[in-house]
Structure formats: C-alpha cells, structure tokens
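Nothing in this text is a laboratory measurement; each read-out follows from the coordinates by a stated rule. The shown structure was predicted, so the numbers you read here are calculated from the model rather than taken from an experiment. Virtual Cβ from ideal backbone geometry, glycine too; neighbours counted across all protein chains shown.
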Amino acid sequence: MGFYAEKIFPWLLDKLETPEMGEQRALVLNGVSGVVLEIGLGTGANLPYYPDDVRLLTAVEPSAAMQPRAEQRAKEAGRTITLTQQAGERLPFEDERFDAVVITLVLCTVEDVSTVLTEALRVLRSGGRCHFLEHVASPDPKVRKWQDRLNGMNKVVGCGCNLNRDTESAIRAAGFCIDRFNRATLPGFMGKLHPLIRGVATKPEAIGSQNPAPLPPPPPA
C-alpha cells in the first residue's frame, strides 16, 4: 500500500473530521437498528453515532491500516463490532442477512460502485434499509468544472477518492428505492468541492421474501 496510504492517510482522515461532519453522521445513522453491516468502516468515524437499537454491528474494510484507529474508536464508544478485512465488491455474507447497511464516504473510492451496491442489496433483507452519506458531483456547473479539473489530484491525495461521481443515480440503478434524500454543503471551499447527499434507500419487498419493519419517523433535515 505504501507509507502514505498506511500511515499518513488514516491520520489525515481523522484530522479532517469536523463537528459539522459529525452532525451529518448522526443524522444518517438516526433510525438504524437490528443487525447492521457497515461497508467501508475506515477509521471508525461512525462508531460514536450508532443508536443503542443496533443489536449486532458487523463491518468490512479493505485497508488493514485503518483497523487500529477503528478498534480504538470502538473501545471509546463502548461498541462491540465484528470487523473483516474485505472489499465491498465481495461481501462474505449470505443473502438477506442484515436489517440495515450503512455506507458513508465510501462510494467515491470503491473500484466498482455498481457491484458494491448490488452486494449491499443482496445481503439486505426484503424491506431492509441502506443508510448513505456520500460526497458527489456538484449540481452547480461551475463547481463541477473544478471537480473535474481537480479529480486526478484528489485521487492521488485521497487514495482513489473521486470528486465527481453521480452516486444518487447509481443507488437508484442498483434497484433501491430512495425514501429520504437530503443535500448538504459543509462550510468552506472544501465543503463546496465535496457536496454531500444523505438519505435512506429501501430494498423493495419484491426482491426478498421477508416482511419489512416500519420506517421510523424521518430525522430532521
């Protein structure tokens, strides 16, 4: 992986975490419950924000360099987690195992967005929910031009992270039904360069066989 990816990048991710991003994480995780899978755990930045209704938390993360920080965060949050070093394109779980899948700031970097989302759909029970928080291509043409210009450099600095993916369309194309959807822009130039989408997408009942749980009340925008 190299010194930067193993040592510098995990440290940088934690340094870039802000209170505003913490608020976004809390919002997207509101209503998560039951048996949950997080795809792309990273350094574990979501762990302090999981509700108590989560009965069992499992995660996959392809980078072993992220694991020590994630384990420390789990300890600080008092959260028990089962972590497997694995990419999201090849989830080592049976069909319809999870009540919810959480994907945050991951689809910008994965090699195959479609495959990751197809795998997320596969391991969700019928009526299960995918909670997502991603930075995406800007709807502002001027900002989008800058995203396109800077994308190559961003992929180097961000270990493969793309600025200009149309993640909303990818989620819909995978077969999910988006029930809740919000856009957010964090303060500063970097916030404008990384506009966020946040929401909950459901696996349609026709794809699976179990009865879905009712959706909780929507979180505040």
For the stretch 189-205, give me each residue that is of a type in the set (G, A, S) and farther than 20 Å from A170 by Cα. G191
All positions within the stretch 96-121 that are surrounded by fewer than 18 Cβ atoms within 10 Å (Cβ to Cβ) and either under 15 Å from L133 (Cα atoms) or without any contact (Cβ under 8 Å) to a residue 60 or more places away in the chain (or both): E111, D112, T115, T118
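Kindly provide the set of residues from the stretch 15-34 that are farther than 25 Å from L56 by Cα and part of a helix (DSSP H, G or I), ordered by number. Don't jump to the end; show me each part of the working.
Filtering the stretch 15-34 for residues farther than 25 Å from L56 by Cα gives 15-20.
Residues satisfying the conditions are K15, L16, P19, E20.
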Tally up the residues in the stretch 122-140 that are surrounded by 22 or more Cβ atoms within 10 Å (Cβ to Cβ), in contact with a helix residue (DSSP H, G or I) (Cβ under 8 Å, 6 or more places away or on another chain) and over 14 Å from V36 (Cα atoms), please. 3
Pairs under 6 Å by beta carbon, first residue surrounded by 15 or more Cβ atoms within 10 Å (Cβ to Cβ) in the stretch 19-38, partner in a helix (DSSP H, G or I), six or more apart or different chains? R25/Y49; A26/Y49; L29/Y49
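Among the residues of the stretch 62-81, which ones are of a type in the set (D, E, K, R) and either in contact with a helix residue (DSSP H, G or I) (Cβ under 7 Å, 6 or more places away or on another chain) or under 15 Å from V32 (Cα atoms) (or both)?
To start, the set of residues in the stretch 62-81 that are of a type in the set (D, E, K, R) comprises 69, 71, 73, 75-76, 79.
The answer is R69, R73, R79.
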